[in-house]
Amino acid sequence: MERAISRLPGACIILMAASLLAFQPGGLFRFVWVKLVVVILAVLAGLLSPVGARLPLAVKAVTAACVLWIAVAMLLSDTPLASISGRWPRYEGLLTLAVYVAVFATGAKVLGGSAGAPRRTLLSLSLAVAGIALFVIAALEGAGLRPLGGAEDVRPGATLGNATDQGLAGCVIAGVLAAQGGPGNTWQGWLCRAGLLAGAGVAVLSGSRAALAALLVVALFAAFTWMAGRSWSPLKIAAGAAAAAAGIAVVVLLVPAARDRLLSAGTVDGRWLLWDRTLGLIADHSVSGVGPSGFVDAFPAYVNGEWARTVGDSFPADSPHSWPLQALAAGGFPLLVLVLALIAVSVIAVIRRLQETPVAADRRYLTVVLVTLAAYALALLTHFTSIGTTGLVAFLCGGLVGSDVGTPAGAGNRFIPAYAAWKMRAVPRLAGVVLVLAALAVAVPAALAEWPMGAGVRAAAAGNNAGAQQAFVQARQFRPWDSDTALLAAQAFAGPATAGDREAARYAVEWGRLARERTPGSQEAGTALALGYLYSGDVPAAKDLLDALVADAPYSTALYVHRGVAQFGLGRPAEAIADLEHAASLDPTLETPWRILANIHQRLGHAQEALAASQRADSLVGN
């Protein structure tokens with residue numbers, strides 16, 4: 001029994017590394033719930049591990065304050081239940097945010113203090129294996145293959161599902177392995193070196209500018225630390241650092257995808273505009289924000305004409321793509337202040353630990369990992385949190401700040417104090433186990449739901465409405481609390497509905513109504529429901545709903561296109577033409593409004609206008 005318990009910290013470490021590779025073949029979104037399940041299992045292993053290090057009291061206090069304020073922000077949001085459950089695709093509601101906190105504490109217990117030092121070798125080996133596996137997949141994807149499947153028009157991200165997440169995972173792997181160093185010329189040492197190179201390669205192959213910047217920071221600092229440890233002269237250190245930077249630059253330029261991404265400004269303008277519009281949202285919700293996961297519904301009201309022209313509404317933003325703005329949007333200025341305070345007290349705890357660590361190798365490890373995590377935070381200035389990377393980073397953060405647990409005074413001297421000390425440890429542990437099992441009771445069915453969700457979307461696209469409906473009903477049985485199950489079902493049926501499938505349109509109405517009940521402010525749910533109304537024959541209901549949606553999001557091009565169709569269906573050709581021309585003016589690169597205008601003019605007998613609109617649509621094909 002004692003041997004089994006002593007192996008639990010190792011199981012925790014292996015599971016955290018394995019979470020990087022976990023994915024769900026055949027699921028709709030394959031990279032969230034299964035990872036969450038693996039991370040929760042890691043937390044359970046850490047919780048049942050022998051007593052280890054712990055978070056310092058100041059860190060615990062500020063963390064508790066963050067948790068409390070996030071709960072307040074959830075309850076004050078427009079849709080508290082949706083904020084608590086989280087929204088598709090990242091589902092960063094109560095469960096996921098609680099897992100981040102639990103992983104932070106677990107990292108302190110397993111990797112912190114004096115007991116954590118011997119476990120770093122296992123951490124390095126586990127991350128090395130994960131890094132090599134990620135590199136193989138990323139290299140195949142870089143060659144144009146799709147070993148994990150996925151749409152051809154979507155930028156791949158290996159088992160992370162997102163290219164920037166892939167790059168950040170590779171950067172963190174490289175940083176930890178550079179911090180630990182290989183244990184000599186043993187097979188473990190060579191595996192760690194291979195994992196280090198693989199992690200750097202994963203970051204390069206991602207083509208993510210944020211990940212490449214983080215990798216450069218980690219590489220330069222790790223190289224500096226290595227050279228300084230060998231008493232190199234300042235001139236040689238500068239030359240070595242320049243060589244390391246040049247080496248990364250050469251590799252990036254040799255990889256076509258990374259080179260093209262680095263030299264392209266395709267997403268830069270859109271990111272600046274996203275931040276500018278987010279500041280408007282924050283100004284109106286400065287105290288408690290819009291709640292975790294509330295951004296996707298609140299943001300459409302803040303876009304403008306420039307957003308419609310340069311970004312469009314094909315892919316609704318569910319995050320500001322910057323962690324300070326994400327904190328502000330989720331919980332207002334109080335949450336950002338608390339997060340900054342948590343960072344401050346954690347850094348102070350690490351500095352204190354560095355001062356108290358006598359072994360140079362341990363100090364080097366702590367310093368390089370600290371810089372690696374700082375580079376991750378730097379990269380998150382242009383990205384968002386997710387279970388794919390944030391879980392591992394929280395685990396490593398806990399390992400940095402974790403301090404040794406002192407022996408309670410009097411414990412072991414007499415039976416009663418010793419029993420009391422045991423009870424004080426056992427009761428919180430038992431409560432923790434109950435909470436973890438409750439989390440698994442939610443996360444496991446939620447992960448299982450991804451398979452019928454994926455099957456439902458594929459069936460709807462193939463015209464098998466009955467099969468799709470059955471699959472979505474099954475998914476909702478697994479995930480009854482999730483409003484986005486209904487949203488995704490409504491969207492899946494709305495597509496065939498626009499092609500004239502009336503049965504699909506009726507299903508879109510059924511699911512769209514359910515989604516709107518749970519998230520009344522969702523533009524996505526409202527649009528899917530309006531399309532269901534429109535193509536099932538209830539044109540007046542579609543028009544009324546589209547009017548309300550346009551009032552809430554006056555720069556959404558798609559809404560004007562759909563309302564133009566509804567206007568024509570109600571016998572209002574002038575209003576239909578006005579809506580479609582307005583849609584075309586909002587996004588001059590979009591062919592759809594011109595194509596519909598051509599059809600309307602043709603049906604009205606306006607041959608010249610129909611020809612002009614058709615020619616305009618043809619000129620925009622492929623834009």
Completion exercise
Conditions (1) outside any helix (DSSP H, G or I); (2) touching a residue at least 24 places away in the same chain (Cβ under 8 Å); (3) small (Gly, Ala, Ser) -> GLY144 fails only (2)
Handout entry: Unmet requirement for PHE315, which otherwise passes all of (1) at pLDDT below 95; (2) surrounded by 17 or more Cβ atoms within 10 Å (Cβ to Cβ)
Key = (2)
Problem - Near pairs, Cβ below 6 angstrom, 6+ apart or cross-chain, from the stretch 332-344 (charged (D, E, K, R) and surrounded by fewer than 20 Cβ atoms within 10 Å (Cβ to Cβ)) to any residue that is assigned to a helix (DSSP H, G or I) and modelled with pLDDT under 95 - result: none
Practice task
Quick one: count up the residues across the stretch 438-487 that are part of a helix (DSSP H, G or I) and either among the β-branched types (Val, Ile, Thr) or at positive phi (or both).
Solution key: 5
Practice task
State yes or no: is LEU586 buried (at least 17 other Cβ atoms within 10 Å of the Cβ) and more than 17 Å from PRO316 (Cα to Cα)?
Solution key: no
Completion exercise
Of the listed residues (ILE137, ILE173), the one being hydrophobic (A, V, I, L, M, F, W, C), buried (at least 22 other Cβ atoms within 10 Å of the Cβ), without any contact (Cβ under 8 Å) to a residue 40 or more places away in the chain and not in a loop (DSSP other than H, G, I, E, B) is ILE137
Exercise for the section: List the number of the failed condition for GLY521; all other conditions in (1) over 26 Å from TYR302 (Cβ atoms); (2) in a loop (DSSP other than H, G, I, E, B); (3) under 29 Å from the mean Cα position of the chain (by Cα) hold. Expected result: (1)
Completion exercise
Cβ pairs under 8 Å, 6+ apart or interchain, first in the stretch 345-364 and surrounded by 16 or more Cβ atoms within 10 Å (Cβ to Cβ), second charged (D, E, K, R) and assigned to a helix (DSSP H, G or I), ordered by first then second residue, are THR357/ARG363
Completion exercise
Residue pairs qualifying under the 7 Å Cβ cut-off, at least six apart or on distinct chains, with the first in the stretch 430-455 being among the aromatic types (Phe, Trp, Tyr) and the second being buried (at least 19 other Cβ atoms within 10 Å of the Cβ) and not in a helix (DSSP H, G or I), are TRP451/GLY27
Completion exercise
Of the residues in the stretch 204-239, those that are touching a Phe, Trp or Tyr at 6+ places or on another chain (Cβ under 7 Å) and of a type outside the set (Val, Ile, Thr) come to ALA214
Exercise for the section: Kindly establish whether LEU205 is surrounded by fewer than 20 Cβ atoms within 10 Å (Cβ to Cβ) and either assigned by TED's automatic domain parsing to the domain that holds PHE29 or at pLDDT 95 or above (or both). Expected result: no
Exercise for the section: Can you work out which of the residues in the stretch 147-170 that are among the small types (Gly, Ala, Ser) and in a helix (DSSP H, G or I) is surrounded by the fewest Cβ atoms within 10 Å (Cβ to Cβ)? Expected result: ALA163
Practice task
Please enumerate the residues belonging to the stretch 98-153 that are among the hydrophobic types (A, V, I, L, M, F, W, C), closer than 27 Å to GLY432 by Cβ and modelled with pLDDT under 95.
Solution key: ALA115, ALA117
Problem - Those residues of the stretch 86-108 which are part of a helix (DSSP H, G or I), over 20 Å from VAL59 (Cβ atoms) and not β-branched (Val, Ile, Thr), in sequence order - result: LEU94, LEU95
Completion exercise
Screening LEU274, LEU279 for residues that are touching a residue at least 40 places away in the same chain (Cβ under 8 Å), of a type in the set (A, V, I, L, M) and under 20 Å from SER77 (Cβ atoms) leaves only LEU279
Fill in the blank from the handout: Matching residues in the stretch 101-125 (surrounded by fewer than 20 Cβ atoms within 10 Å (Cβ to Cβ) and out of contact with any strand residue (DSSP E or B) (no Cβ under 7 Å at 6 or more places or on another chain)) number 8
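The values are calculated or read from the model by the stated rules, or taken from the named source; none is laboratory data. Predicted, not measured: the structure shown is a model, and the values here were computed from it. Please note: Cβ atoms are built from the backbone with ideal geometry, for glycine as well, and neighbour counts cover all protein chains shown.
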